[in-house]
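I have placed the structure first, in the form of structure tokens, so that the comments after it can refer back to it.
The values are calculated or read from the model by the stated rules, or taken from the named source; none is laboratory data. What you see is a predicted model; the values in this text were computed from it and never measured. All Cβ positions, glycine included, derive from the backbone under ideal geometry; neighbour counts span all protein chains shown. Areas reflect the complete protein model, heavy atoms only, side chains present, ligands, DNA and RNA absent. Shrake-Rupley method; radii C 1.70, N 1.55, O 1.52, S 1.80 Å.
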Amino acid sequence: MEHKRLKLYAYLDARDHQRTYLAIMRLFTSTLLADLSAGEVAGALAGQEREGRVEQGESRIENVINRLKQLVEWGNLVQGRREVVAASIAEFQHGSVRYQVSKLAVRVQRDVDELLRVPEGAREVSRELLPAIERGLNELGGSLSVALLNEGDKTKELLAERVTTLFLQHAELAATVRDFYAYLGQVVTRNHLAPDEIAGFRNLLVEYIQRVVEDVLKFTPPIAEALAGLTKARSELLRLLSTDLGAKVERARGRTPEDWQELTDWFVDRPGRPSQVTALREATARAIGSLLASVKRATSGGGLLPGRRAELLKLAGWFDNATREEAHEIYASAFGLYSSRHLSPAPEHDSDNERTPWRDGPVCDVTVSVRTRGDRGARGRPSRILDDPMTEQSLLAEAREADEIRARHVAELTKAAGNLENTTLTHGALEVFCELLTLAMAQRDSPQDSGSASDPVRGLKLEIAHGTTTQIRSAAGTLTLHDATVALKQ
């Protein structure tokens, strides 16, 4: 099912005729209940072809039929038939087969058009919806009480109106918050920022984000309290909003327990699952830290060479204002790369091919060394390994000394194995004992289970089992093990 639905996006990244597919889908989604034949689609594409918005020849009826069939195969369009009066068999075939857009394809195209209209800058957070959500929850509690006392049609309609308005307000608030912080994460993590950009982002973070976070933290407690008050009556609320539309009908928001749980999770923390308010506060702290790091990099002046960002932007401006021939010349002069001649057919590529112009191909990331210093040299050369016999002998001596000390502590535990509770251990012996005890207890799933651990070199074994209380005395104090019996064996 997921694979079938993902094919609805195939026309957006089609290898050929992408603009034609997009124009056809916009034609079908521009009106309600669009029911068009191939001839009607071809007539609409003819005007776009004259304006240059689709390629030449795409309005021909045979090409339109092929594009429509491909969209049907992807699931964006569905076929239907209608009785028509035709003068020929070809006219009957072209006019009788009708096409309609599918429900999910309408959503895909709607999201695409909305995405293409979105500007590159930050999106303003709808902070004014927070008090509206608080008032909506309080009014919803009163409407629910009235509806429970008088289950009439008007009271139910008023209740449904308040629930729908509440969830639409929250959806808009959550969307603006996500978009704003997505843009914020995109800009504050850049390696190099110009001074004017740093000043703008500083005002954005210090002033605007502070107001956003303050408003969210101010209205979260009363909203959480109102949601908690509706928790007990939630089942009655859903009962009053229920309708007999069938299980496959997509209900409006606020008609299922999952919708209310999602709304609650946005404002209220749960064990092991922080709320979106908590995530917003943490994201703000990270954004401010990233901005401070960018300011430090820009003002420290510790780089070997000045940044090359201005030069790269100037080069990008040349490309933007150049013609096709001038762009190729600039590209060859700036990067020392010239056109290649294919002596054999070009291999297949996953996302690019020989017919794709370089300006339409995938974007190449500029490395930090090129962006800041203009240095194209390779990095990561391994350093030489120096032979230091004095340090080597010193480390070997330390290892031998540590092994001798551990041997004495293991021997002390071995000697005390038969009378452990009446023996006072030294600090080092107690450390070895605690190390074996930790490994043995890690094998137990419950206090009734047993466990064991041993020293892999000297063979000292510690066994622990459920039993009476055991006390181990040492120079540092007494270790008491409740409901456990410990034994040492060689």
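Here is how the numbers come out for the structure above:
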item	result
Whichever residue in region 9-58 is of a type in the set (S, T, Y) and part of a helix (DSSP H, G or I) and, among such residues, is farthest from Q70 (Cα to Cα)	T29
Hits in region 431-469 (condition: farther than 24 Å from R406 by Cα and among the β-branched types (V, I, T))	T468, T469
Residue within region 335-345 that is exposed (fewer than 13 other Cβ atoms within 10 Å of the Cβ), modelled with pLDDT of 70 or more, in a loop (DSSP other than H, G, I, E, B) and of a type in the set (S, T, Y) present	no
Matching residues, region 102-152, being over 23 Å from W266 (Cα atoms), in contact with a Ser or Thr (Cβ under 6 Å, 6 or more places away or on another chain) and in contact (Cβ under 8 Å) with a residue 40 or more places away in the chain	V106, Q109, A147
Residue in region 209-218 that is among the aliphatic types (A, V, I, L, M), modelled with pLDDT of 80 or more, closer than 17 Å to A285 by Cα and surrounded by fewer than 16 Cβ atoms within 10 Å (Cβ to Cβ) present	yes
Out of A42, A10, A14, sole residue that is closer than 20 Å to P357 by Cβ, surrounded by 15 or more Cβ atoms within 10 Å (Cβ to Cβ) and small (G, A, S)	A14
Looking only at region 250-291, and only at residues there that are among the acidic types (D, E) and without any contact (Cβ under 8 Å) to a residue 12 or more places away in the chain, the one that is least open to solvent (accessible area, probe 1.4 Å)	D265
Residue list for region 113-154, restricted to those being under 30 Å from Y183 (Cβ atoms) and of a type in the set (K, R)	R117, R123, R127, R135
Scan of region 99-128 for residues that are of a type outside the set (D, E, K, R), touching a helix residue (DSSP H, G or I) at 6+ places or on another chain (Cβ under 9 Å) and open to solvent by 30 Å² or more (accessible area, probe 1.4 Å), ordered by number	Q100, V101, L104, V106, V118, G121, A122
Search result, residues across region 377-434 that are outside any helix (DSSP H, G or I), loosely packed, with under 11 Cβ neighbours inside 10 Å and either of a type in the set (V, I, T) or modelled with pLDDT of 85 or more (or both)	I385
Selection within region 138-157 - under 20 Å from L263 (Cα atoms) and either open to solvent by 20 Å² or more (accessible area, probe 1.4 Å) or at pLDDT 90 or above (or both)	N138, E139, G141, G142
Extreme residue, surrounded by the fewest Cβ atoms within 10 Å (Cβ to Cβ), among residues of region 435-456 that are in contact (Cβ under 8 Å) with a residue 12 or more places away in the chain and of a type in the set (A, V, I, L, M)	L439
Sole exception among (1) closer than 19 Å to R98 by Cβ; (2) surrounded by fewer than 16 Cβ atoms within 10 Å (Cβ to Cβ); (3) hydroxyl-bearing (S, T, Y) for S59, by number	(2)
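Residues checked against (1) at pLDDT 90 or above; (2) closer than 19 Å to R110 by Cα; (3) open to solvent by less than 20 Å² (accessible area, probe 1.4 Å):
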{"residue": "L22", "(1), (2), (3)": "yes, yes, no"}
{"residue": "F28", "(1), (2), (3)": "yes, yes, yes"}
{"residue": "G52", "(1), (2), (3)": "no, no, no"}
{"residue": "N66", "(1), (2), (3)": "yes, no, no"}
{"residue": "N76", "(1), (2), (3)": "yes, yes, yes"}
